[in-house]
Amino acid sequence: MVRDFFLSRQIADISGPWRPGSIRDQILRARMVVDRALANGWISPQRPVAVLGAGIAGITAAVVARTAGVSVTIFEKDKPAAAQSRSFRWVDPAAYDWPHPWWGSGEMVWDHGGRWPLRLEAGEGRTLAFQFASLLRKEKNIRYVRENVTGLAQEKDRIRVATNAGLVEEFALVVDCRGAGKERSCGDFETIPFWSGMDPRRIVAGKAAELGRPVRVLISGGGDGAIQDFLLLATGRASIAQLAVEAGLARDVLRTGLTPISGSLAELAGFEREALSIEERCWRDFCWQGPPGTEAGLTSCLAEFYEGWVARLADRWKPLPANRTPIEFTLVRTAGHYSVCYPLNRLIGMVAERQFRPKVVVGRLEALYKPTDFDLSLIRHGIETSAPPFGVRRQIFPFQ
């Protein structure tokens, strides 16, 4: 499926219609695209590469190519995005590899090529951002051009890159790693940017002290971002791995990894594989056989599968920790269930809803409420893109 990101031998777009769903996705896609280009001889020490965008994906692509001796130029209209993040958010490169043994250490496992200079481990977003910013500074031979790319033109086996300042250069390959910008909001609602340094836990604690009553919190969205916001505020815990341990899903073996606990819950070792298999089958049925439209049929099928697992675990699940700050949650989704999310996020999120009993409302946010109805709003509507001829969002690579 890596070939799907190559529009031609001269252009690779990892942020196009199949938009990455996480930091982990961005890193994997950038690495695999550059590896494919190197293996096929499309880039080499004599065939330079241009990288558009200096976020995590762009830095990954540039460093992997440069480590292989390829001449690299990064085009970025602003400062490197990795250097700007001040996020408190917990970033776990291995979060979606559960229940593999390296999951507990939060360390991203690479192949044995030895071409990756960072040991990626779970931690706050700003820590990961600092590592990537430092990595870019250390790579002295990566050329950095702070200009906006305004045009690409293919000519034979080369591609021309033009910038707003009038610069025109030729490369053997362009890897487009430009991000999608800000998350979609709606109406007059204001939200905390997903990667800002503002911690919702501190905000609600301050508001509770100020108001002397439970804080009214709106979380709008049906994906991973909305689940993570809900779990963060409901439990006060930032790490999904930590929640899995406290819920009794796994034993805490910090140095050797988290492993499913023995006994009846050992069956969870196969849960993720089953979940991903069903999701892939649903996607194939929907994209190849189903009519164009929404994801309703797909997510309904997935919801039924997860509801079965939640019911199976109902009498075995240990209570999740509770945030000390009193909060009244309103969760708004366009369907009665979550959209396509990572398995462990969704499973713990659904159990958390049973425990904390938030108000769940189905419909479009702007038609249901106004901003003054809440003390804090978290809008996690993501980025919608189209994969013609079906107007659906697709994450083609979340589970490599």
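For the range 69-104, a residue qualifies if it is open to solvent by 40 Å² or more (accessible area, probe 1.4 Å), over 23 Å from Met198 (Cβ atoms) and either modelled with pLDDT of 70 or more or in a loop (DSSP other than H, G, I, E, B) (or both), and the qualifying residues are Ser71, Lys77, His100, Trp102. Residues of the range 129-149 that are part of a strand (DSSP E or B) and open to solvent by less than 90 Å² (accessible area, probe 1.4 Å): Tyr144, Val145, Val149.
Can you find even one residue in the range 155-175 that is within 25 Å of the chain's Cα centre (by Cα) and of a type outside the set (Val, Ile, Thr)? Before you say what the answer is, go through the steps one by one.
So in the range 155-175, the residues within 25 Å of the chain's Cα centre (by Cα) come out as 174-175.
This time we only want the ones that are of a type outside the set (Val, Ile, Thr), so: none.
For the range 155-175, residues within 25 Å of the chain's Cα centre (by Cα) and of a type outside the set (Val, Ile, Thr): absent.
The residues listed here are Ala247, Ala234, Ala241; of these, the one that is open to solvent by less than 30 Å² (accessible area, probe 1.4 Å), modelled with pLDDT of 95 or more and not aromatic (Phe, Trp, Tyr) is Ala234.
Look at (1) closer than 20 Å to Ala30 by Cα; (2) under 21 Å from the mean Cα position of the chain (by Cα) and you find that Arg143 fails only one, number (2). Candidates Arg201, Arg216, Arg160: the one that is open to solvent by 40 Å² or more (accessible area, probe 1.4 Å), modelled with pLDDT of 90 or more, within 20 Å of Gly236 (Cβ to Cβ) and in contact with an Asp or Glu (Cβ under 6 Å, 6 or more places away or on another chain) is Arg216.
Restricting attention to the range 346-365, the residues being open to solvent by less than 80 Å² (accessible area, probe 1.4 Å), at pLDDT 95 or above and over 13 Å from Val332 (Cα atoms) number 1. Of all residues in the range 320-345, those being open to solvent by 30 Å² or more (accessible area, probe 1.4 Å), out of contact with any Gly (no Cβ under 8 Å at 6 or more places or on another chain) and touching a residue at least 40 places away in the same chain (Cβ under 8 Å) number 3.
For the range 199-248, which positions are free of Cβ contacts under 8 Å to residues at least 40 places away in the same chain and either basic (Lys, Arg) or not in a helix (DSSP H, G or I) (or both)? Step through it out loud before you land on a result.
Going residue by residue through the range 199-248, those that are free of Cβ contacts under 8 Å to residues at least 40 places away in the same chain are 202, 206, 209-210, 212, 232, 242, 245.
Within the range 199-248, Arg202, Gly212 meet the criteria.
The residues of the range 366-383 that are open to solvent by 30 Å² or more (accessible area, probe 1.4 Å) and under 18 Å from Cys341 (Cα atoms), listed by number, are His381, Ile383.
The values are calculated or read from the model by the stated rules, or taken from the named source; none is laboratory data. Not measured: the values here are computed from a predicted model. We place every Cβ from the backbone using ideal geometry, glycine too, and count neighbours over all the protein chains shown. Calculation scope for accessible area: heavy atoms of the full protein, side chains included, ligands and nucleic acids excluded. Shrake-Rupley method; radii C 1.70, N 1.55, O 1.52, S 1.80 Å.
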